[in-house]
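Below is one structure, written out as structure tokens, with a few remarks after it.
Here, each number is a calculation from the coordinates, and none is a lab measurement. Since this is a predicted model, take the numbers as computed values, not measurements. In this analysis, Cβ positions are derived from the backbone assuming ideal geometry, glycine residues included, and neighbour counts consider all displayed protein chains.
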Amino acid sequence: MNSKKTVLVGVCGGIAAYKALDVISRLKKENYDVHVIMTKSSSQFVTPLSFQSLSQNMVVNDMFAEPKAWEIQHISLAKKADLVLIVPATANIIGKVAGGIADDMLSTTIMATTAPVVFAPAMNTNMYKNPIVQDNIHKLSNLGYKFIAPQSGRLACGDDGEGKLADTELITNYVSSLLYDKKDLKNKKVLVTAGPTIAPIDPVRFITNKSTGKMGYSIAEEARDRGAEVTLVSGPTSLKTPFGVKIINVATNQEMYDQVLEQFKDSDIVIMSAAVADYKPSQYSNIKIKKKENNLSLALEKDNDILKKLGELKEHQLLVGFAAESNDLAQNAQLKLINKNLDYIVANDILSNDTGFASDENKVLIMGRLGEKIQLDKMPKRIVARELFNLINK
């Protein structure tokens, strides 16, 4: 989806330089054209040949080397880049750019580019927390440069603290998000619900369903990449929290009801993909129910219908619901669309063997209140999310 965009990777002299190889490998798998500039000190940690092999482009590491083509390299690379990524970013390169110093190939290229510049710092925790370094980061952030904060953990020097290079998958996803080809949700607030909810029976038991949250998380990521400010209200899942998304973790129907209603009034687009429990035990036991010889019967009562409530409260919001059906898919989805005052509904067959719950793929029918009807065959859930927003923004 990146239309063969160019990422210029600047590698600085730190022990984390070897991790830049994994970043480049991931970027190539996403079909980016990757070019690499190495500082002189970085080649003491990893050889240029390694970066050349992975990027499949000549590596630049000497400002005064004879050029391979008749061009001023730091200018040509600066113009070619759709994004410049500095990984690992040392205190030295951050300080140089903050001070307007351009004395090697990497710093001169950064000064010459008009593309977004992203720093992924990695250094000793005391260096990272040094007020001078923090002031430089703050200054550059105010000027529009972007930073991927380092992690906390055991560092190469043996210290433990903040300064460890961010996860390489996160760095790659961050780049892809910035370069995403659609930015049609800028200045929009998108509210997404995801995952299951639970209905407690006693302190150790509860009723739930098979939802894993994958569809909702994919929707949140798609909205984020398209420029939206995203709030994700999530039931219990094992999924990583998407970066750049405000997450609110809940467990029960009531908790999701309270949080969604609080966020609803300020939202522009609301997509309710969570599998919310419809019923809960009529009586909750404060102590564990002991096993008996006879069968145990549970009386259930209806819980909050969050989607219907939102349909009643809706003013300017665009409201999208989900319907997990085992039969009469289109008919049941159409009834839900009307009865709950939705703008769109996304229906999927829960009896399908290769899509739906726990799967990375889905096969859905999207229906709109104006008669729109789109059938999406089996595809990754992220692509389903993309097609949903394409329809919403049509």
Per the rule of 0.36 nm per residue minus the C-alpha distance, extending Gln375 to Lys240 adds in nm 45.7 nm
Residues whose modelled amide H sits under 5 Å from the amide H of Leu318, counting only those 5 or more places away in sequence or on another chain, are Ile269, Val270
Rounded to one decimal in nm, the spacing of the 7 Å Cα→Cβ label points at Met111 and Leu300 is 6.9
In segment 287-337, the trypsin sites (Lys or Arg not before Pro) that sit in a DSSP loop and have at most 14 other Cβ atoms within 10 Å of their own Cβ are Lys288, Lys290, Lys291, Lys292
Between Leu261 and Ile15, the two model label points (7 Å from Cα along the beta-carbon direction) sit apart by a distance in nm of 5.3
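Given the -39500 (n - 2.57) contribution per DSSP H run of 4+ residues, what per-residue ellipticity at 222 nm results for the chain, rounded to the nearest 500 deg cm²/dmol? Could you put the intermediate results ahead of the total?
Numbers: 13 runs with 128 residues, N = 394.
Helix-only estimate at 222 nm: -9500 deg cm²/dmol.
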The ³J(HN,Hα) series, computed from each phi in segment 80-89 with the Karplus coefficients 6.51, -1.76 and 1.60 at θ = phi - 60°, rounded to the nearest Hz and given as x for glycine or proline, is 5, 6, 8, 7, 10, 10, 9, 8, x, 9
Segment 6-178: antiparallel bridges as % of DSSP beta bridges, rounded to 5, reads 20
Nearest 10, in degrees from 0 to 90: the angle of helix 17-29 to the longest Cα principal axis of the chain is 60
Cross-link reach from Lys292 to lysines, straight Cα distance under 30 Å and at least 8 residues apart if same chain, gives Lys210, Lys280, Lys302
Given unit charges at Cβ for Lys, Arg (+) and Asp, Glu (-), the dipole magnitude of the chain about its Cα centre in debye, nearest 20, is 180
Going residue by residue through segment 43-51, the Karplus relation 6.51 cos²θ - 1.76 cosθ + 1.60 with θ = phi - 60° gives ³J(HN,Hα) values, rounded to whole Hz and with x marking Gly or Pro, of 6, 6, 9, 9, 6, x, 4, 5, 5
Note to self: C-alpha centroids of segment 345-363 and segment 276-322 sit apart, in Å, by 23
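Holding the Cα-Cα limit at 18 Å, pick out from Lys29/Lys378; Lys4/Lys40; Lys5/Lys29; Lys336/Lys378; Lys189/Lys246; Lys29/Lys182 the pairs that are longer than that.
As for pairs spanning more than 18 Å Cα to Cα, those are Lys29/Lys378; Lys4/Lys40; Lys336/Lys378; Lys29/Lys182.
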Simple spin-label estimate for Lys80/Gln331, 7 Å along Cα→Cβ, in nm, reads 6.1
Rounded to two decimals, the Debye log10 I(q)/I(0) of the chain (Cα scatterers, no solvent) at q = 0.08, 0.10, 0.11 Å⁻¹ is -0.54, -0.78, -0.88
Rh (Kirkwood, all Cα-Cα pairs) for segment 6-178, Å, reads 15.9
For segment 34-172, averaging the sequence separation of alpha carbon pairs under 8 Å that lie six or more residues apart and dividing by its residue count, the contact order in percent is 20
To the nearest 20 debye, segment 189-392 has a Cα-centred charge dipole, built from +1 on Lys and Arg Cβ and -1 on Asp and Glu Cβ, of 460
Once amide hydrogens are built 1.01 Å from N within the peptide plane, the residues lying 5 or more places from Asn249 or on another chain with amide H under 5 Å from its amide H are Ser234
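Based on DSSP loop calls and a cut-off of at most 12 other Cβ atoms within 10 Å, the longest stretch of the chain free of exposed chymotrypsin sites (Phe, Trp or Tyr not before Pro) is what?
71-283
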Taking the alpha-carbon centre of each part, the distance from segment 233-266 to segment 141-211 in Å is 14
Relative to the chain, whose Cα atoms define the longest principal axis, helix 168-178 and its Cα axis are tilted in degrees, nearest 10, by 80
For the chain, the longest principal axis of the Cα atoms and the Cα long axis of helix 131-142 enclose an angle in degrees, to the nearest 10, of 70
Here the relative contact order (percent) of segment 341-392, from C-alpha pairs under 8 Å and at least 6 apart, is 29
Of all stretches in the chain that avoid GluC sites (Glu not before Pro) placed in a DSSP loop and having at most 13 other Cβ atoms within 10 Å, the longest is 72-292
Spelling it out for Ile86: with amide H atoms placed in the peptide plane at 1.01 Å from N, the residues 5 or more places away or on another chain with amide H under 5 Å from its amide H are Gly10, Val118, Phe119, Ala120
Full extension between Ser177 and Asn130 adds, at 0.36 nm per residue less the Cα distance, a length in nm of 13.9 nm
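Exposure proxy check: Ser238, Ser211, Ser55, Ser41 ranked by fewest other beta carbons within 10 Å?
Fewest-to-most Cβ neighbours within 10 Å comes out as Ser238, Ser41, Ser55, Ser211.
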